[in-house]
Number of protein chains: 4
Amino acid sequence: MNGRKLKIGVLGPHACSAEEYEMGREVGRHIAGAGALLVCGGLDGMMQAAAEGAKEAGGETLGILPGSEAAAANPAIDIALPTGLGPFRNALVVRACDAVIAVRGAYGTLSEIAFALRLGIPTVGLRTWKLLRDEQIDHGIHPAENAAHAVELALELIKHG
Amino acid sequence: MNGRKLKIGVLGPHACSAEEYEMGREVGRHIAGAGALLVCGGLDGMMQAAAEGAKEAGGETLGILPGSEAAAANPAIDIALPTGLGPFRNALVVRACDAVIAVRGAYGTLSEIAFALRLGIPTVGLRTWKLLRDEQIDHGIHPAENAAHAVELALELIKHG
Amino acid sequence: MNGRKLKIGVLGPHACSAEEYEMGREVGRHIAGAGALLVCGGLDGMMQAAAEGAKEAGGETLGILPGSEAAAANPAIDIALPTGLGPFRNALVVRACDAVIAVRGAYGTLSEIAFALRLGIPTVGLRTWKLLRDEQIDHGIHPAENAAHAVELALELIKHG
Amino acid sequence: MNGRKLKIGVLGPHACSAEEYEMGREVGRHIAGAGALLVCGGLDGMMQAAAEGAKEAGGETLGILPGSEAAAANPAIDIALPTGLGPFRNALVVRACDAVIAVRGAYGTLSEIAFALRLGIPTVGLRTWKLLRDEQIDHGIHPAENAAHAVELALELIKHG
C-alpha cells in the first residue's frame with residue numbers, strides 16, 4: 001500500500017425510481033466522505049446517481065464504459081475509460097475495486113455481483129438480488145440497511161477481509 | 001443459418017459428487033444425441049463429465065479455457081481454446097452458445113448464469129442456483145427435472161426464443 | 001498432447017484481390033492437408049479464402065468472430081464463435097493457435113501479428129508486414145515464399161519451437 | 001466534451017537504459033504540463049519513468065495492470081486498475097486514450113501500437129518500431145524528434161484528427 005485511495009464500486013441499473021436514485025446518491029456521498037474513489041459503469045441511472053453523490057461530497061469518480069467513446073459517460077464522471085468490450089466490461093468494473101456495493105439491479109448488476117463473489121471481492125447489497133443455493137440463502141452478499149450502512153460495511157470488509 | 005450445428009453449453013463446478021458427475025455425463029450424452037456441439041469451460045468436474053458424455057454419444061466437444069495452455073483441457077475435449085483471460089473467459093463460454101444448461105455450480109457458474117441472462121441466451125438450470133428479486137423467484141433460469149428434460153428445454157427455448 | 005489436432009490460424013484482411021484470395025485458399029488447403037484445424041476471424045476476405053480452402057481439402061474450420069452473432073460467419077466456417085469483443089477478439093484468435101500465418105493484411109492483421117510475437121506463438125508471414133527495430137529488420141515474422149512453404153514453416157516451428 | 005482532462009498514454013518496455021528512462025520521464029512531465037492525465041500499463045521501466053515525470057510536474061496518473069493486484073503498480077501510479085487480463089490489457093490501455101506515445105519498446109509495445117492504429121487512435125513514436133508495408137514505410141506512426149515534440153504532436157493530432 002503506497003497511500004493510494006481505496007476504490008469502491010457502485011453497481012446498479014440504468015433505470016431507477018427517484019427514491020432509488022436518491023439512495024444511490026447517498027451511497028456516493030458516503031464513499032467520497034470516506035476518502036475513497038467511486039468506481040462505476042459510467043452510464044446513467046444508478047451509476048450516475050452514485051457519481052453525482054461522490055462529486056457533491058468532493059470526491060473523484062471513475063467510469064468504466066462498455067462502448068468506445070468517453071463522451072458517453074455521465075457528466076459526474078471525472079475519468080471516463082471507454083473499453084469497447086460491451087457487457088464484458090462488467091467484469092472489469094468489479095476487478096478494479098477493493099469492494100463493491102450493489103444497489104437494486106437487473107441481470108447486468110447480477111453479473112457484476114457474481115463476478116465479485118467469484119473473485120473474492122467484498123460485496124455489499126442494498127435492496128438487491130438474493131441468491132439461493134440448495135434452497136438456502138447464500139451469504140456472499142452482505143446485506144446493508146441503508147446507504148451509510150452499506151459504505152460502513154464495505155470499509156469493514158476491506159479492512160478485515 | 002447455414003446448417004451449422006447448434007452449440008449448447010454446460011456450466012458447472014470443478015468439484016462434484018459421483019452422482020452429480022453422472023448427471024453431467026447424461027446431459028452431455030443428450031446434447032450429442034441431439035446433434036449439437038457441446039461447449040464448456042474445458043477443465044475438470046462437471047465440465048469433464050459433460051464432455052465425456054458427449055464423446056460417448058459420438059458428439060464433438062469444445063472447451064474454452066481460462067489459461068494459456070491447450071494441454072490443460074480434460075481428455076474429452078476435442079477442440080481446446082486457451083484464452084489466457086482467467087475467470088473472464090466465463091463470459092466467452094456463454095457468448096459462444098445458443099443455450100446453456102447450468103448443473104449445480106458455485107460462484108463461477110453463477111457468473112456464467114448471470115451473463116447468459118444478461119445477454120438473453122436461453123438458460124436452463126438443473127439443481128443449480130435460484131435467484132430472488134424483491135423476494136420473488138426470478139424466472140430467467142428455466143428449471144429442469146433431469147438431464148433429458150434439461151436438453152429438451154434448451155432445444156425448445158432455442159427454437160421458440 | 002492427447003492426440004488433439006494442431007490449430008493453425010490464418011490472419012489477413014477483409015479486402016483482398018482475386019490473386020490474394022487464391023493464395024489464402026491455397027494456405028487453407030495445405031493446413032487441412034496437414035490434418036490441422038483452420039482458425040481465423042470468421043469474416044470475409046482472406047478469412048473466407050482460407051476457410052474455403054480448408055473445406056475443399058476436407059478440413060475443419062473455426063471462426064472467432066468480433067460480433068455477437070454466429071450468423072455473421074462466412075459459409076465455410078464450421079464452428080462460429082461469437083465473442084462480442086469487437087477488435088479485441090484479434091488477441092483471442094491468436095491465443096487459440098499453435099502457430100499463425102499472416103497473409104497480406106492491414107492494421108488489424110498487424111495487431112494479430114504483434115500479439116502472436118508477444119505471446120511467443122510461431123508466426124509466419126506471406127507478403128505481409130515487415131517490422132523495423134532500430135532500423136534493422138526484426139526476425140520474429142518468419143517469411144514464406146508461397147502458400148505451401150508457409151504451412152511447412154508453421155509446422156516446423158511448432159515442432160522445433 | 002464536459003471539460004474532462006485529455007488522456008495520453010505512454011507505451012514502452014519494462015527494460016530500458018538510463019537515457020531512455022530519462023526520455024520517458026520527460027514525456028511524462030510534458031503530458032502533465034499540458035494538463036492531461038497520464039495513462040500507462042502501470043508497471044516498471046518506461047511505464048514508471050513516464051508516471052514519475054507526470055507526478056513531478058503535478059499531474060495525475062492511471063495504470064492499467066495486467067494482473068489482479070493493485071499493489072503491483074509502480075509507486076508513481078495514482079489510480080491502479082488491476083484487470084487480470086494478462087497481456088490482453090494492452091488493448092485496454094490504448095482504448096482508454098485520446099492519443100498514445102510509444103517510446104522505444106519490444107513486442108508488447110508493438111501490440112499496443114498496432115491496436116492504436118487499428119482503432120484509429122493518434123499514435124506518436126519516439127525511437128520506436130517502424131512498419132513496412134509492401135516495402136514502404138507506413139505513416140500511421142507519427143515520428144517525433146524528442147519528448148517535447150512527441151507531446152506537441154499528440155496534442156495536435158487529437159485536435160485536428
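The values are calculated or read from the model by the stated rules, or taken from the named source; none is laboratory data. Just so it is clear, the structure is predicted and the values come from calculations on it, not from any experiment. Glycine also receives a Cβ, built like all others from the backbone with ideal geometry; neighbour counts cover every protein chain displayed. Side chains are part of the model used for accessible areas, which takes the heavy atoms of the whole protein and leaves out ligands, DNA and RNA. Shrake-Rupley method; radii C 1.70, N 1.55, O 1.52, S 1.80 Å.
Annotations for the structure displayed:
- Computed E for C:Glu19/B:Ala34 - FRET, C-beta separation, R0 35 angstrom, nearest 0.05: 0.20
- When the surface is traced with a 1.4 Å probe over the full set of protein chains, B:Ser17 keeps roughly 50 Å² accessible.
- Surrounding net charge for A:Gly24, when Lys and Arg each add one and Asp and Glu each subtract one, Cβ distance under 15 Å: -3
- Centre-to-centre, using Cα atoms only, the range C:112-135 and the range A:21-66 are separated by 43 Å.
- For the range D:57-137, the share of DSSP beta bridges that are antiparallel, to the nearest 5, is 20%.
- Counting only heavy atoms of the protein chains and using a 1.4 Å probe, B:Ile79 has close to 10 Å² of accessible surface.
- Put C:Glu52, C:Glu20, A:Glu156 in order of accessible area, highest first, and with a 1.4 Å probe you get A:Glu156, C:Glu52, C:Glu20.
- Charge sum, other residues only, whose C-beta stays under 12 Å from B:Lys7's C-beta, Lys/Arg counted +1 and Asp/Glu -1: 0
- DSSP beta bridges in the range B:7-160 [antiparallel fraction, %, rounded to 5]: 10
- Measuring only protein heavy atoms, the 1.4 Å probe finds D:Ile121 accessible over about 10 Å².
- Cα-Cα separations in the protein assembly as shown greater than 45 Å, expressed as whole percent: 19
- Ordered from highest to lowest accessible area with the whole protein assembly present and a 1.4 Å probe, B:His142, C:His14 read as C:His14, B:His142.
- Using every pair of distinct Cα positions in the range B:7-160, the Kirkwood expression returns a hydrodynamic radius of 14.8 angstrom.
- Highest mobility in the GNM of chain A, judged by mean-square fluctuation with C-alpha springs under 10 Å and restricted to A:Arg104, A:Arg25, A:Arg127, is found for A:Arg127.
- Residues with amide H under 5 Å from that of A:Thr83, placed H, sequence gap 5 or more: A:Leu65, A:Gly67
- A simple rule links phi to the HN-Hα coupling: the Karplus curve 6.51 cos²θ - 1.76 cosθ + 1.60 with θ = phi - 60°, which for the range A:123-139 gives 10, 10, x, 10, 6, 10, 3, 10, 10, 10, 10, 6, 6, 9, 4, 7, 9 Hz, with x for Gly and Pro.
- Accessible surface buried at the B:C interface totals approximately 1800 Å², computed with a 1.4 Å probe on protein heavy atoms.
- Fraction of accessible area attributable to carbon and sulfur, the range C:31-113 (%, probe 1.4 Å): 51
- Placing a label point 7 Å from Cα along the Cα-to-Cβ direction at D:Glu156 gives distances to the equivalent points in the other copies of 4.6, 5.9, 6.7 nm, listed shortest first.
- Taking other residues whose beta carbon is less than 12 angstrom from the beta carbon of B:Ala49, and scoring Lys, Arg as +1 and Asp, Glu as -1, yields -3.
- Dipole magnitude of chain D about its Cα centre (Cβ charges: Lys, Arg +1; Asp, Glu -1), debye to nearest 20: 440
- Relative to the 2.2 N^0.38 Å rule of thumb, the range A:60-146 has a C-alpha radius of gyration ratio of 1.17.
- Here is how far apart the D:Asp44 label points are across copies: 3.5, 4.8, 4.9 nm, shortest first, using a point 7 Å from Cα toward Cβ.
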